[in-house]
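Note sheet for the following structure.
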Amino acid sequence: MRNTTRSYGKAARSLHWLTALLILTAIPLGLYANALPVDGAEAAAAKAAVFSLHKTLGIATFFVALLRIAYMLTETRPAPLHPERRLETFAAEATHWLLYLSLLAVPLSGWVHHAATSGFAPILWPLGQDLPLVPKSESLAAAASALHWVFTKLMAAAILLHVAGALKHALIDRDSTLARMLRGTPAGQTHASRATKPLLTALAVYILGAGLAVALIPPAPTAQAPQTATSGNWQITSGTLSFSVSRLGTAVEGSFATWSAEITFDPEAATGNHVTARIDTSSLTLGAVTDQAKGPEFLNAALHPTAIFTAEITADGTAYLATGTLSLHGISQPLTLPFTLQITGDTAQMQGTATLDRRAFQIGTAYPDEATVGFPVTVSIALTATRR
Ligand code: HEM
Ligand code: HEM
């Protein structure tokens, strides 16, 4: 069961080959999931299923890796077979450390990406989809995604070197390196003295990799204050236009960064109060599915760059209604937005919520049921405006 300075015991060998099997399954699943197209409900469901499998397997790998690393740190490690070949021994050991670091960094970066975003394929377990200390944040998700991308490449390079080394020992040197890990055959020195340089080298490679990943992070879309409309007697000073839609059974929060509203409103007037809001559909963000939501299957921002809501404002006591028409995705439909309003001096604060049915605007017609994307979309607007 146990290691000696000349051999790997059954426990170490089982852990080695179990991690190798898990990793060599997780990598192709990740590549395959990423390459699968999303066009229509069936393709989206298939892609999500492969991603769910990838993530679940990746997390299983992480826990096996923790066990394996704890075992490695507390158990005797067999000595290098040819310590006199200094460069080769250094390369082998640095690669082993790179592999150990990868076993932690790759699944962790994937997991943080998953926990920081929303609307993504779920992990197949009942323990929840969030991680403690990881907030929902698109910029954190983008950073973790870049790290996962770079770290998977480092890991793949280390595995290639590692396997090439194992094959070289088996085919060229014809020594017992591979037999030691396959069958537990004892070989090599009885005295193990471990150098720290290979570990430091592996750490340095990882730090460089993390630096490269940070440089690769795409710039986050900057949230803009709602733009000033040219007419109307109120000027918006701050506001948010957000929405919520169900994807794969969980709510995803989205928002539009660029929009403007022209508000003509006199609290004393019974008629003539109205609003025209213009929304730049390309400024949308929606968790992990931003590009898909802006693409031809959903909002088609390239073809329909602006959504417009024009409405008359009426009041019934303290309850306000904006009743009018929303033009979205090239289709106009009636829409009523109930809202609350507080006016203090020259400052007004309004908040309103309305629920649309995406089918009424022919959005996502390739998704005819609610398995991937729900029908109702709850839109919320909150703004502060000052009187001009
Ligand atoms: C040892 C475990 C893992 C390995 C070897 C691995 C490997 C990979 C690979 C090779 C890719 C494709 C990257 C590319 O397209 O070049 C990928 C993508 C991805 N993986 Fe993993 N992964 C692991 C664990 C995880 C875990 C635990 C999660 C989440 C819980 C995760 C989430 C993702 C996601 C979301 C992507 C899509 C690409 C992106 O980050 O935007 N992975 N993974
Ligand atoms: C087909 C694929 C693989 C082969 C043929 C292979 C072969 C070997 C061999 C022969 C050794 C012993 C080296 C020695 O005694 O000096 C070894 C050790 C090791 N392998 Fe692999 N391996 C494979 C895949 C992997 C994978 C995918 C990982 C992890 C991502 C991995 C991680 C390690 C580590 C960390 C050690 C060092 C063990 C220690 O601490 O002493 N191997 N491997």
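Structure above, values below:
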| read-out | value |
| --- | --- |
| Loop-located GluC sites (Glu not before Pro) in segment 252-312 whose Cβ has at most 12 other Cβ within 10 Å (DSSP) | GLU268 |
| Per-pair calculated FRET efficiency, R0 = 35 Å: THR347 and LEU31 via Cβ, rounded to 0.05 | 0.05 |
| Size of the chain as Cα extents on the principal axes (Å, biggest first) | 95, 42, 34 |
| Potential lengthening between THR237 and ALA156 on full extension [0.36 nm per residue; Cα-Cα distance subtracted] | 24.1 nm |
| Residue with peak Gaussian network fluctuation, the chain [Cα springs, cutoff 10 Å], from TRP125, TRP234, TRP111 | TRP125 |
| Using alpha-carbon coordinates, inclination of helix 41-74 to the longest axis of the chain, degrees | 40 |
| Charge context of GLY119, other residues only, Cβ under 10 angstrom, K/R +1, D/E -1 | 0 |
| Of ASP316, ASP291, ASP39, the one that fluctuates the most in a GNM where the chain has Cα springs shorter than 10 Å | ASP316 |
| Local net charge near ALA366, Cβ-Cβ under 10 Å (Lys/Arg +1, Asp/Glu -1) | -3 |
| 30 Å Cα-Cα threshold exceeded, pairs from LYS47/LYS168; LYS47/LYS153; LYS55/LYS197 | LYS47/LYS168; LYS55/LYS197 |
| Whichever aspartates and glutamates have a C-alpha closer than 20 Å to that of LYS294, once near sequence neighbours (fewer than 8 apart) are set aside | ASP39, GLU42, GLU138, GLU253, ASP280, ASP357, ASP369, GLU370 |
| Mean accessible surface per residue for segment 234-387, computed with a 1.4 Å probe while every protein chain stays in place, in Å² | 47 |
| FRET efficiency for LEU167 and THR74, using Cβ-Cβ distance with R0 set to 35 Å, rounded to 0.05 | 0.70 |
| For segment 79-126, convex hull volume per residue from C-alpha positions, Å³ | 100 |
| Local electrostatic count at ASP39 - Lys and Arg +1, Asp and Glu -1, tallied over other residues with Cβ under 12 Å | -1 |
| The chain - percent relative contact order, Cα under 8 Å, separation 6 or more | 15 |
| Segment 36-130: trypsin sites (Lys or Arg not before Pro) in DSSP loop, at most 16 other beta carbons within 10 Å | ARG85 |
| Point-to-point label distance, ALA43-THR190, nm (Cα→Cβ direction, 7 Å offset) | 6.5 |
| Gain on full stretching of the segment that runs from PHE90 to THR355 - 0.36 nm per residue minus C-alpha separation | 89.1 nm |
| Using a Förster distance of 45 Å, the FRET efficiency for THR264-ASP369 (Cβ separation, nearest 0.05) | 0.60 |
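The values are calculated or read from the model by the stated rules, or taken from the named source; none is laboratory data. What you see is a predicted model; the values in this text were computed from it and never measured. A quick note on method: Cβ atoms are made from the backbone with ideal geometry, for glycine too, and the neighbour counts reach across all protein chains shown. Note: accessible area is taken over every heavy atom of the protein model, side chains too, but ligands, DNA and RNA are not part of it. Shrake-Rupley method; radii C 1.70, N 1.55, O 1.52, S 1.80 Å.
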